[in-house]
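This report refers to the structure that appears directly beneath it.
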Amino acid sequence: MSRTRALPVVSIAALGLAIGACSSSSKPPSSITTSSITTSSITTSTAASTTTPAVPAAHWAPLPAAPIAGRIAAGAVWTGREMVVWGGVARGSGTPSAASDGAAYNPTTRQWRAIASPPSGVLGDAGNAAVWTGARAVFWAGNSSDGPAVGATYDPASDTWQRLPKGPLGAREGYASAWTGHELLLLGGTSGDQFARPVAAAVNPSTGAWRQLHAFDALAGLRLGRAVVVGGRVYASGTVSDCAQLGSACRHEHAIFLEYDPSADAVHQLDLSHAPSLPIATVGSTASDVVFDATSRGAERIVRYDVPNGTWTKGPAVSCVPVTPFYSQSAWLEGADAYVVGCGATRLAVYRVSTNRWTTIDAGASPLNSRAGSAIVWTGNQLIAWSGTVALPENPTPADGSAIGLG
């Protein structure tokens, strides 16, 4: 999973939304249960606060030409064999246009293939939720240009699509999504100048059954970054409006860190008063921790929340300044418990939970160093980044990319 840092142009479900940046009120909505975890403590790592010097390890290699146009904010999943990319917004000639086609890339054979067209009316655009169920890719386009939000599943083995039934949610952007193992959760977001309602829902792609998540009904004005799952519960950070009825005209919001139990449809607000650094943005999770990026003045700092014990850990920092503001990306390496950030023009900074250290790699230029909104997947040993937008007039979306091995 990836996160584009400080990107002002487009909302992407995988983008991290910093929390704690502005707060006019620290009082949570009365309808939300406050967690009983009130004795959180802070652990600060000092022994591992330095960065290992750069080492000449991995290097980015260019991808072969793709059969589809470049784009920003596409949905992307790793199937275990291929990276499947669908949807997004293309800006090849400078004019934005919704992209409803897709392609799959096999890193073993280094070959692309165009995939079948989705069902009629399933249109790509910015803000696609994308998950891999183990057999099918699920795409939900919350900001389709035809108005209603739509979704479909794609089977790469048969190159076929199946439309999802219409659900309770309308068009929206800036929402969070999470995969629980059998349901795709869609949380919060905005619709035009208003906050989207209903606030949240879940769909089971195997049965097509939707359910509204009523635990979120009182959280109109919820804007979340990435959502992660730890121990069967969903954790997400962001902000919630204090005057949601005013929509985008409201300038008052407060930081929020939520725990959601899908089986009980229950939301709890976790205590942020002991967080060692704010603002923070969720970037990934381990078997026990929620991992945050607390970027400040160009320095990347890791913050972790221990779910079983309700404790916070302030991790090490690494100086990581992008060449061009807003055009630098990051990725969480699922299963490797590592976080990768583009630094400068050619370097990567890699944080590993197991060592609680950053390592810098002079890996060459890549989309992580100079683009925003790329399609990024982690295969288990390779990080693949394709397309995205660059800092040039009219923000074009080149259809190239690269891959790097990170053992």
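Give the calculated FRET efficiency between Ala299 and Ser117 to the nearest 0.05, with a Förster radius of 51 Å applied to their Cβ-Cβ distance. Could you put the intermediate results ahead of the total?
Details: r = 45 Å, r/R0 = 0.88.
After rounding, the FRET efficiency stands at 0.70.
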Review point. Simple spin-label model, 7 Å along Cα-to-Cβ: Ser288 to Thr207 in nm?
Key: 3.4
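Only counting other Cβ atoms within 10 Å, I'd like Val341, Val303 sorted with the fewest neighbours first. Walk me through the numbers on the way to the answer.
Numbers: Val341 26, Val303 23.
Placing the least packed residue first, the sequence is Val303, Val341.
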Study note, to complete from the structure: If amide H atoms are modeled at 1.01 Å from N in the peptide plane, then the residues at a separation of 5 or more from Gly102, or on another chain, having amide H under 5 Å from its own are Ile115
Review point. Going by how many other beta carbons lie within 10 Å of each one, how would you line up Leu272, Leu169, Leu186, fewest first?
Key: Leu272, Leu169, Leu186
Review point. Quick one: if you stick a label point 7 Å off each Cα along the C-beta vector at His59 and Cys243, how many nm between them?
Key: 5.7
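How much length, in nm to one decimal, is gained on full extension between Asp193 and Leu278, taken as 0.36 nm per residue of separation minus their Cα-Cα distance?
Working: separation 85, 0.36 × 85 = 30.60 nm, distance 2.71 nm.
Additional length available on full extension: 27.9 nm.
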Exercise for review: Read phi for every residue in region 162-171 and hand back ³J(HN,Hα) as whole Hz from Karplus 6.51 cos²θ - 1.76 cosθ + 1.60, θ = phi - 60°, with x for Gly and Pro.
Suggested key: 9, 5, 7, x, 5, x, x, 8, x, 4
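Taking the Cβ of each residue in Thr180, Thr108, Thr355, Thr360 as the centre, tally the other Cβ atoms inside 10 Å and list the residues starting with the fewest. Display every interim value, and only then the final one.
Working: Thr180 17, Thr108 9, Thr355 12, Thr360 20.
The order, fewest Cβ neighbours first, is Thr108, Thr355, Thr180, Thr360.
I'd like the FRET efficiency for Asp362 and Asp217, computed as 1/(1 + (r/R0)^6) with the beta carbon distance as r and R0 of 35 Å, rounded to 0.05.
On the way: r = 50 Å, r/R0 = 1.43.
Efficiency computed from Cβ-Cβ geometry: 0.10.
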Practice item. Using only alpha carbons, build the gyration tensor for region 140-231 and give me the equivalent ellipsoid semi-axes, biggest first, whole Å. Key: 22, 16, 12
Study note, to complete from the structure: Output ordering of 117-123, 157-163, 170-176 (per-residue mean of other Cβ within 10 Å, highest first) is 170-176, 117-123, 157-163
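Where a number appears in this text, it was derived from the coordinates with a stated rule and is not lab data. On a predicted model such as this, the values are computed, not experimentally measured, just so you know. As a convention, Cβ positions derive from the backbone with ideal geometry for all residues, glycine included, and neighbour counts pool all protein chains shown.
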